[in-house]
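Down below is the structure, laid out as structure tokens.
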Amino acid sequence: MSIYLKLFLEFFHIGLFSFGGGYATLPFLYHIADVHKWYTTKQLSDMIAVSSITPGPVGVNVATFAGFTTSGVLGALIATVSVILPSFIIVIAVSKLLNRFRENKFVQSVLYTLKPAGCGLLAAVGVDMFINNINILGMVLLIGLFIAGAFEKRDPLFYLGVSAAAGLIAGYFNLTF
Amino acid sequence: MEITLYNIFKTFFKVGTMLLGGGYVILPLLQSELVDKKNWMSDEELCEYYALGQSIPGIIAANVSIFAGYKLKKISGALAAILGIVSPAFIAIIVLARILEELVNLKFVQSIFWGVGIGILVLIFFAVKEVWSKSITDKFTCFMFFLTFILSGCFKIPPAVLIIFAIFIGLWLQAVKKIEGEE
């Protein structure tokens with residue numbers, strides 16, 4: 001079987017079965033490291049660290065990287081498209097169904113319970129990140145940003161820019177850890 | 001701004017470049033671009049896409065972007081949106097692939113991303129606040145929020161299980177209403 005077909009099958013599989021986003025793809029990615037040797041588990045944990053400094057979701061980053069290291073730009077393209085393809089098909093199908101059955105009472109009732117659950121999941125992610133990353137200086141930065149954002153709505157770029165600059169300065173004075 | 005394929009691509013490309021820290025910030029970024037700045041959709045619609053994006057398989061940021069793109073301009077809009085979201089990620093990995101490992105270990109890079117991690121926390125907080133105001137409308141939805149929050153946060157129940165649970169609760173509520181209505 002050609003490498004391109006293998007890449008397609010593996011990453012299509014991940015796109016289809018990873019559920020819950022973000023780090024839900026990780027078990028699949030470790031499985032690939034075991035079976036195909038496209039990368040080692042050490043390389044994978046490096047890649048996960050890397051994906052926190054490159055834009056984009058972890059799953060997409062690792063797909064591109066794995067495709068690229070095994071078979072160049074074409075491999076990267078195939079792996080990336082494959083991981084997205086199931087999403088594309090499913091979302092279009094769900095959108096069409098939703099447009100058709102929006103007035104259905106069961107659909108409305110599911111949306112009614114699903115939305116607060118989705119919100120709760122995001123809040124849990126936030127708290128988890130808070131517990132794992134925070135220290136005193138981080139707390140100061142956090143409170144500063146909250147105050148800056150409390151009185152007027154600011155662009156996300158403001159928070160990312162200010163916090164990146166603050167990190168750089170804190171790092172320069174050895175204060176980040 | 002007019003809804004053209006090029007504008008959809010451009011907007012999602014911008015969001016894609018700011019999508020740092022693994023994809024969780026997709027919601028605040030899209031709120032800022034699609035709702036606040038461009039008025040292309042309402043907060044309610046985006047919150048709905050986010051809830052649905054979490055309930056189907058695949059990468060959440062990609063799912064939400066495809067939902068939003070489809071709403072804007074059907075299948076071609078969905079294609080423009082997903083291309084825009086993925087391109088910055090794709091380009092960054094291809095260009096940096098050879099030096100990524102050294103890059104991660106550079107001290108100043110680590111410092112920057114320590115800071116960005118805090119910025120992301122603030123963005124997530126504001127996003128939760130926004131979604132809360134659109135989805136917690138009564139005591140029952142408030143109960144659903146805290147139930148999911150605690151089961152996920154404290155008991156580490158996988159998101160997929162909680163989503164399926166929420167869907168069943170929704171179906172059950174309506175079934176009960178129907179039976180009561182018929183009696």
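The values are calculated or read from the model by the stated rules, or taken from the named source; none is laboratory data. Note that the structure is a prediction, hence the values are computed from the model and not measured. Neighbour counts run over all protein chains shown; Cβ positions are idealised from the backbone, glycine included. Surface areas here come from the heavy atoms of the whole protein model, side chains and all, with no ligands, DNA or RNA. Shrake-Rupley method; radii C 1.70, N 1.55, O 1.52, S 1.80 Å.
Could you order the peptides A:140-146, A:59-65 from most to least packed, using the average number of other C-beta atoms within 10 Å per residue?
A:59-65, A:140-146
Please list, in order along the stretch A:29-36, the HN-Hα scalar couplings obtained from phi with the Karplus expression 6.51 cos²θ - 1.76 cosθ + 1.60 (θ = phi - 60°), rounded to whole Hz, x for Gly and Pro.
Residue by residue, the stretch A:29-36 yields 5, 5, 4, 4, 4, 5, 7, 9 Hz.
Take the alpha carbon gyration tensor of the stretch A:1-75, find the square roots of its eigenvalues, order them as a ≥ b ≥ c, and report rounded if a/c is under 1.5; if not, report prolate when a/b exceeds b/c, else oblate.
Details: a/c = 1.44, a/b = 1.22, b/c = 1.18.
Taking the square roots of the gyration eigenvalues as a ≥ b ≥ c, the stretch A:1-75 is rounded.
Taking a probe of 1.4 Å, how large is the accessible area per residue of the stretch B:137-183, in Å²? Write out the running numbers ahead of the final one.
Numbers: 3160 Å² over 47 residues.
Here the residues of the stretch B:137-183 average 67 Å² of exposed surface.
Quick one: check the C-alpha center-to-center distance for the stretch A:133-177 versus the stretch B:29-75, whole angstrom.
Each part reduced to its Cα centre gives a spacing of 27 Å.
Going by Cα centres, the stretch B:77-111 and the stretch A:70-123 are how many Å apart?
If you average the Cα positions of each part, the centres end up 23 Å apart.
Quick check: pseudo-label points 7 Å beyond the Cα along Cα→Cβ at residue A:101 and residue B:161, how many nm apart are they?
Between residue A:101 and residue B:161, the simple spin-label model gives 2.6 nm.
Averaged across B:69-78, how many Cβ atoms of other chains sit within 10 Å of each residue's Cβ atom?
Details: counts 4, 8, 3, 0, 0, 3, 4, 0, 0, 5.
Averaged over the peptide's residues, the number is 3.
Normalising by the residue count of chain A, find the relative contact order in percent from Cα pairs under 8 Å and 6+ residues apart.
Worked out over chain A, it gives 18 percent.
So, for the stretch B:1-50, what is the accessible surface per residue at a probe of 1.4 Å, expressed in square angstrom? Can you show the working numbers first?
Numbers: 1780 Å² over 50 residues.
That works out to 36 Å² for each residue.
Considering all projection directions equally, how large on average is the shadow of the alpha-carbon convex hull of the protein assembly as shown, in square nanometres?
Numbers: hull surface 76.0 nm².
So the Cα hull casts an average projection of 19.0 nm².
At a Förster distance of 30 Å, what's the computed FRET efficiency of residue B:168 paired with residue B:42, Cβ-Cβ distance as r, to 0.05?
Numbers: r = 28 Å, r/R0 = 0.92.
Efficiency, rounded to the nearest 0.05: 0.60.
Given the Cα-Cα distance of residue A:132 and residue A:146 and 0.36 nm per residue of separation, how much length would full extension add, in nm? Intermediate values should be presented prior to the final figure.
Working: separation 14, 0.36 × 14 = 5.04 nm, distance 1.91 nm.
3.1 nm is the gain from fully extending residue A:132 to residue A:146.
Using a ≥ b ≥ c from the Cα gyration tensor of the stretch B:5-135 (square roots of the eigenvalues), is it rounded, prolate or oblate, where a/c under 1.5 gives rounded and otherwise the larger of a/b and b/c decides, a/b for prolate?
In terms of gyration-tensor shape, oblate.
For the stretch A:122-138, take each phi angle, set θ = phi - 60°, evaluate the Karplus expression 6.51 cos²θ - 1.76 cosθ + 1.60, and give the result in whole Hz per residue in order, putting x for glycine and proline.
Listing the rounded values in order: 5, 4, 5, 4, x, 5, 4, 5, 4, 5, 6, 10, 8, 9, 4, 5, x Hz.
Any residues in the stretch B:7-48 that have 20 Å² or more less accessible area with all protein chains than in their chain alone, probe 1.4 Å, and which are they?
Those residues are B:18, B:19, B:20, B:21, B:22, B:24, B:32, B:36, B:37, B:48.
Estimate for me the total accessible surface buried between chains B and A (protein heavy atoms, probe 1.4 Å, no ligands or nucleic acids), in Å² to the nearest 100.
On the way: alone 12230 and 12730 Å², together 16250 Å².
Using a 1.4 Å probe, the pair buries roughly 8700 Å².
Within 10 Å, count the other beta carbons around each residue, average over each peptide in B:38-45, A:120-127, B:75-82, and list them highest first.
Details: B:38-45: 14.9, A:120-127: 23.1, B:75-82: 21.5.
Packing order, densest peptide first, comes out as A:120-127, B:75-82, B:38-45.
Return the sequence-ordered ³J(HN,Hα) values of the stretch B:62-69 in whole Hz as given by the Karplus equation 6.51 cos²θ - 1.76 cosθ + 1.60 applied to θ = phi - 60°, using x for Gly and Pro.
5, 4, 4, 5, 5, 4, 5, x
Carbon-plus-sulfur fraction of the accessible area of chain B, 1.4 Å probe, in percent? Don't jump to the answer; show the numbers that get you there.
Numbers: 5480 of 7940 Å².
Here carbon and sulfur together make up 69 percent of the probe-accessible area.
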